[in-house]
1. Each residue of the stretch A:101-114 in turn: what ³J(HN,Hα) in whole Hz from Karplus with 6.51, -1.76, 1.60 and θ = phi - 60°, glycine and Pro shown as x?
2. How big is D for chain A, in µm² s⁻¹ as a whole number, if Stokes-Einstein is applied with the Kirkwood radius of its Cα pairs at 37 °C and 0.692 mPa s?
3. Among B:110-123, B:186-199, how do they line up by average Cβ neighbours within 10 Å per residue, starting with the highest?
4. Long-range amide H contacts for residue B:154: which residues qualify at under 5 Å (H placed 1.01 Å from N, peptide plane, sequence gap of 5 or more or a different chain)?
5. Take the alpha carbon gyration tensor of the protein assembly as shown, find the square roots of its eigenvalues, order them as a ≥ b ≥ c, and report rounded if a/c is under 1.5; if not, report prolate when a/b exceeds b/c, else oblate.
6. Taking each residue of B:271-278 in turn, how many C-beta atoms of other protein chains fall within 10 Å of its C-beta, and what is the average?
7. Kindly state, as a whole number, the per residue volume in cubic angstrom of the convex hull around the alpha carbon atoms of the stretch A:140-243.
8. Of the options A:61, A:266, A:173, report the single residue whose Cα projects farthest towards the positive end of the charge dipole of chain A (beta-carbon charges: Lys, Arg +1; Asp, Glu -1).
Amino acid sequence: MSAPGTLAMVRLFARQELVLAVRSRWTPIFAVVFAALSLAVGFSGYIVTGGFGMQDFARTAVSLVQLVLLLVPLTALLIGVMALAPERGAAELLFAQPVPRATVLVGKLVGLFEALAAAQLIGFGAAGLTVFSQAGETGAGGFLLMVAGSLALTAIFLGIAALISVGNVGRRARALAIALVVWFVAVVLFDVAILGVATLLRSGHASRLLVTAVIVNPVDAVRTGTLLGIEGSAAFGAASLAFFRITGGSTAAAAYLLVSVGAWLVVPTVLAVRRLERADL
Amino acid sequence: MKPSLLAVVALGYGVVASAQIHDGTPGLIEGRPEIRAASPLQQLIDASPPGGRVEVAPGTYTGDLMIDKPLRLIGRGRPRLVGSGTGSVIRVRAADVVIDGFDIDGRRGGDLTRDTSGVHIAADRVTVRDCRISEALFGIYIRDAMGVVVERCSIRGIPGRDPGEKGSGIHAYNTSGTRFTDNEIDDVRDGLYLQNSSNGEIRGNLVRRVRYGLHYMFSDDNVFEDNTFEYGDAGTAVMYSERIVFRRNRFVHNRGFASVGLLLQQCDDVLAEDNLIADNARGIFIEGTNRTTLRRNIVAESDVAIVQFASAQGTRIEGNSFLGNMSPLSLVGKRVDTVFDGNYWSENPEPDLDGDGRTDRPYRLSSVFDHFRGNLTAADLFVDGFAAASLGVAEQAFPILQLTEAQDRAPLARPPDLSAVPRPRIEARQSAASPMALSAAAFAVGASVLARGRRARAHKRGGGA
């Protein structure tokens, strides 16, 4: 029997990882929690506010975006590290097989992504049904953009989880702790620090710093891109215009955001693969 | 072309500043049109006895018209009056004239300094009813007159012109006791403009896509109620006027960079009750006023709910509902004697433990994040983020910055029942088939992938057993 091709191997590992992810129960729990929260946001956007609302759709979508930004990086990091940082014995056994390490890692990442994406799609599907039973077609593009952003964040933070795991083979607790720190920095601390530094600078430099920060941090990039896509320049008031002015127009702004997200999609995974190939297990 | 931010700011303040030196002086009063520019209806009018009734058959009548005796000019089957393109289409020069049921086309003619309009009125107790005016510089221009009534008219400006090249929808100069009701005005400079005009009533009008929806200059003792002003630079601008009272209006979707829902400048004793001020860049702008009272209004979904200058004195803001505004208050200058009392603020996290309907502590109308953004526009990029929220929490725990002391002394714990406030006009709230189908598909795909994982697991187990 000839050895299967690389792609087939990746598929095989992906499939196995998907099965493992579903079996671990973390993915189904995430799916249920995410769907429940999405539904709650979708309903409250339209029903709890008592029918008042000028921007029902935009407000609901913005709340959903917040939910995504909080939950998706966290679950991707935790589930990713738990799946990718095996105990030492397991790692030795796995990587002793006649399969390139890169293939194993990429396959596992693909499988995890499939599992998490599927879990999110359930939530988005449920929320979409509630929202679009009331909102009309106008927001469909923004909603799609949000789903895309969420999937991008999933892939980005799985890549980062891989990088963390590869650096901490056999030290799972440490890897999990690092993952939590990374999450806190990306979602909260980075922005606070940037705002702090910005107050010390002259206004021109400060504006450029804030705009750069928003592009460089993947969580901020997805947030900014999605909110601008949904609400247009009303998303951040005058700051939207400052953002477009400093980046050189809305097309250029979109390009910067896409480049940033693209870099975050590729770089951590590539680094993880290279590190794994050199690692002495 | 992308305007520099500075230029945009300058433009925004320019809108406010230029209004202060607004040149509202009317031009000369046009008389009888020349023979070759006159409408065929002119003979009919000249032949009618004073106080008579002139009925006009359906059809198109080209040329201008002067009415210099009291009479009722009634259109049957909506006759079209097409102007000569050189002056005002109908010129009313006698009191007690009624014009009813015409389509009036100004043919983009004339110029602003001559007040060229669809209907030009310089006489008392004139009524214009059920007319549709289009392609005219000014829709209806009224000067030096008492008791003029405009009702159920639709006025559409000249499309594609800059605001500076347009006239107002209805323009009143030196009038008293005018009544403008149930008109629709679109795409003009100011929808309704009143200068040196007192004791007027404005009710049930819809004004959109204008500079200012309603604009008072030096006009005292006016009332406006149940109007909608949307998609303008300002919903309503009250300037240099006293005792303006308004209720149940909608000031909505004024979303431009420097746009305002309600603009109050250099005016005294303004009273606003039960209005809806929503989805504006800035909700209410107050400068140089005395004794403004805002009661039971809903101010929602603005970037900043209230912008107030230190020059505003004796402002009372009570019993309003502030919902989902990015920031509640922006103060220009430090001194504030504004009273905030018993308003509801949707961002107020304080509990009401003693159950008296008010939260237990005053609500401070600025967060540490507002302090940042006050100095730095781009900080708003973070306004919805977790950083802003955590800064707020941290600041409450460790108050290190001396912030403005503006606060609501006894904020409401729950949104008040403001049933008199008009609701937003709901635009197309129906279900959308294809996004719903997509959502259902997403749900199905997600569920099936997870289910397949489960089945594979069961299969594996079966194989192992």
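Each value in this text was obtained by applying a stated rule to the coordinates, not by laboratory testing. None of the values given here were measured: they were computed from a predicted structure. With ideal geometry, Cβ positions are generated from the backbone for all residues, glycine too; neighbour counts draw on all protein chains shown.
1. In residue order, the calculated couplings are 4, 4, 4, 4, 5, 4, x, 4, 4, 4, x, 4, 4, 4 Hz.
2. Rounded, D is 163 µm²/s.
3. B:186-199, B:110-123
4. Here the answer is B:131, B:132, B:133, B:184, since their amide H atoms fall under 5 Å of that of residue B:154.
5. prolate
6. For this peptide, the per-residue mean of nearby foreign Cβ atoms is 1.
7. Dividing the Cα hull volume of the stretch A:140-243 by its residue count gives 97 Å³.
8. The Cα lying farthest towards the positive end belongs to A:173.
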